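Below is one structure, written out as structure tokens; the observations come after it.
The values are calculated or read from the model by the stated rules, or taken from the named source; none is laboratory data. The structure presented is a predicted model; accordingly, all values stated were derived computationally and were not measured. Note: ideal-geometry Cβ built from the backbone for every residue, glycine included; neighbour counts use all protein chains shown. To get the accessible areas, we keep the full protein, side chains included, count just its heavy atoms, and leave off ligands, DNA and RNA. Shrake-Rupley method; radii C 1.70, N 1.55, O 1.52, S 1.80 Å.
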Amino acid sequence: MSRSTHNTGPRFDVHHDAAAQCPNCEHQGLTIFYEVHGIPCHSMILLDSAKEASDYHTGDLRLGFCESCGFITNTRYDIANSEYSQKFEESQGFSATFNKFARELAKRYADRYDLAGDKVALEIGCGKGEWLCALCEESGGRGIGIDPGYTPSRLTSPAADRIEWIIDFYGPKFAHLQADFIACRHTLEHIQPTLEFMRSIRATIGDRKDTILFFELPEVLRELEEGAFWDMYYEHCTYFSPGSLARLFRKAGFDVTYLSVEYANQYIILDAVPSDTETKARLPLEDDMARLRAGVKTFGETASRVARYWSDSIRAAHARGEKTVVWGSGSKGVSFLTTLGLRDEVSCVVDINTFRQGKFMAGSGHEIVGPEALTRVRPDHIVIMNPIYVPEISEQVRSMGLSPKIVAV
């Protein structure tokens with residue numbers, strides 16, 4: 001672990017590391033294709049001052065690609081840098097766009113697997129619990145949520161008396177918990193020993209072959225092909241394509257029954273059931289090794305071009321006396337600012353999550369403000385960290401009587 005320092009910029013030279021082992025399939029040797037040093041170990045942590053944020057401890061990102069299964073992992077990840085707790089603020093539940101997607105997803109799964117009555121849904125890494133509440137509200141069934149960052153005071157729901165909350169990390173000690181449906185949304189990308197983790201879930205399920213698994217997590221093919229360096233950060237130690245995720249599940253003793261890419265091609269959705277044998281790939285999205293290899297090969301050229309564009313554009317605007325703000329203080333925003341080394345060139349960072357407002361960005365030290373601050377800042381440019389939110393944010397900005405140039409990464 002090290003203290004925060006200015007990173008030396010990203011490196012894209014491709015080389016082989018024979019000593020690195022794939023935690024997804026246990027293949028020996030990985031292709032290293034992207035490195036950036038001295039970046040914050042956490043992006044979603046709540047920090048109380050610019051100094052605390054600037055001094056926040058750092059680690060190195062060194063992404064290795066497995067030629068055998070297509071998995072990508074940070075070979076420099078150290079779990080000792082992990083700080084998941086109630087200071088961790090990951091909720092996207094302040095966005096109408098995201099809430100619509102999450103609610104529709106909850107209804108889809110409540111109906112698809114008839115989770116009513118005495119059926120129990122267990123969510124691993126439930127965060128602040130919004131989605132599990134929505135699922136239980138839609139299904140009428142019961143729930144168990146496990147997360148070290150769950151905060152009891154944050155949530156009210158008509159399903160509250162049917163949900164048990166456990167403030168802890170999921171692990172073998174919870175093998176006694178019985179569930180008909182196991183959900184895990186945006187958690188597996190924070191776990192490096194992926195095969196070990198999935199095998200532990202399979203062992204916990206045992207002979208209960210009718211248990212349904214539902215996983216949702218970021219999709220890396222889009223990130224590779226777009227050169228989206230802001231989607232690569234220390235907090236995410238693992239990166240999946242639909243195929244590499246399905247290959248993990250099949251190797252760990254599950255049969256993959258459903259596989260899709262949703263939310264503007266940003267999220268993988270996977271359903272699976274326990275199996276006694278390693279099943280064979282049969283879903284169209286599983287056949288993606290050629291696309292993965294091509295994406296890894298071209299990522300350096302694409303990402304370096306994209307990084308130069310954003311660095312030059314924002315610095316040129318600052319030199320002209322124009323104000324740029326970044327909208328989105330989560331991991332994408334932290335990675336964008338720290339990878340490009342932007343400080344004074346960005347006036348502030350906006351977020352609609354009220355729990356993040358008044359806090360500061362890990363690494364860069366930027367203050368996080370609410371949208372209303374824009375009437376004071378009066379920016380010339382707004383850079384949105386996720387294009388899916390452009391319509392929602394644009395409407396809000398125009399309603400304040402502002403007319404900056406709005407662009408998305």
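Quick one: how many residues across the range 263-282 are open to solvent by less than 30 Å² (accessible area, probe 1.4 Å) and in a strand (DSSP E or B)?
7
Given E216, E189, which one is in contact with a Lys or Arg (Cβ under 6 Å, 6 or more places away or on another chain), open to solvent by less than 10 Å² (accessible area, probe 1.4 Å) and within 16 Å of I124 (Cβ to Cβ)?
Values: E189 fails: in contact with a Lys or Arg (Cβ under 6 Å, 6 or more places away or on another chain).
Result of the check over E216, E189: E216.
Of the residues R282, R291, only one is free of Cβ contacts under 8 Å to residues at least 24 places away in the same chain and not aliphatic (A, V, I, L, M); which?
Working: R291 fails: free of Cβ contacts under 8 Å to residues at least 24 places away in the same chain.
Step by step, each of R282, R291 is checked, and only R282 is free of Cβ contacts under 8 Å to residues at least 24 places away in the same chain and not aliphatic (A, V, I, L, M).
Which ones in the range 347-361 are hydrophobic (A, V, I, L, M, F, W, C) and modelled with pLDDT of 95 or more? First the steps, then the outcome.
Of the residues in the range 347-361, the ones hydrophobic (A, V, I, L, M, F, W, C) are 348-350, 352, 355, 360-361.
Within the range 347-361, C348, V349, V350, I352, F360, M361 qualify.
Considering the range 60-84 alone, what residues qualify as being open to solvent by 10 Å² or more (accessible area, probe 1.4 Å), more than 15 Å from M289 (Cα to Cα) and at pLDDT 95 or above?
D60, R62, T75, R76, Y77
So is E322 open to solvent by 50 Å² or more (accessible area, probe 1.4 Å) and not small (G, A, S) or not? Write out each step before concluding.
On the way: open to solvent by 50 Å² or more (accessible area, probe 1.4 Å): yes; not small (G, A, S): yes.
Here the answer is yes, as E322 does meet what is asked.
What is the number of the single condition among (1) in contact with a strand residue (DSSP E or B) (Cβ under 8 Å, 6 or more places away or on another chain); (2) assigned to a helix (DSSP H, G or I) that T257 does not meet?
Exception for T257: condition (2).
Answer yes or no as to whether L285 is within 22 Å of the chain's Cα centre (by Cα) and open to solvent by 10 Å² or more (accessible area, probe 1.4 Å).
Values: within 22 Å of the chain's Cα centre (by Cα): yes; open to solvent by 10 Å² or more (accessible area, probe 1.4 Å): yes.
Judged against the criteria, L285 is a match.
For the range 240-249, which positions are open to solvent by less than 10 Å² (accessible area, probe 1.4 Å), farther than 14 Å from E216 by Cβ and not small (G, A, S)?
If the condition is that a residue be open to solvent by less than 10 Å² (accessible area, probe 1.4 Å), farther than 14 Å from E216 by Cβ and not small (G, A, S), then L248 is the only one that fits.
Looking at the structure I just gave you, is G64 in contact with a Leu (Cβ under 7 Å, 6 or more places away or on another chain) and of a type outside the set (S, T, N, Q)? Before you say what the answer is, go through the steps one by one.
Details: in contact with a Leu (Cβ under 7 Å, 6 or more places away or on another chain): yes; of a type outside the set (S, T, N, Q): yes.
Here the answer is yes, as G64 does meet what is asked.
If you check D55 against the conditions, is it in contact with a Ser or Thr (Cβ under 9 Å, 6 or more places away or on another chain) and surrounded by 17 or more Cβ atoms within 10 Å (Cβ to Cβ)? Break it down into steps so the answer makes sense when it comes.
Details: in contact with a Ser or Thr (Cβ under 9 Å, 6 or more places away or on another chain): yes; surrounded by 17 or more Cβ atoms within 10 Å (Cβ to Cβ): no.
So D55 does not fit the description; no.
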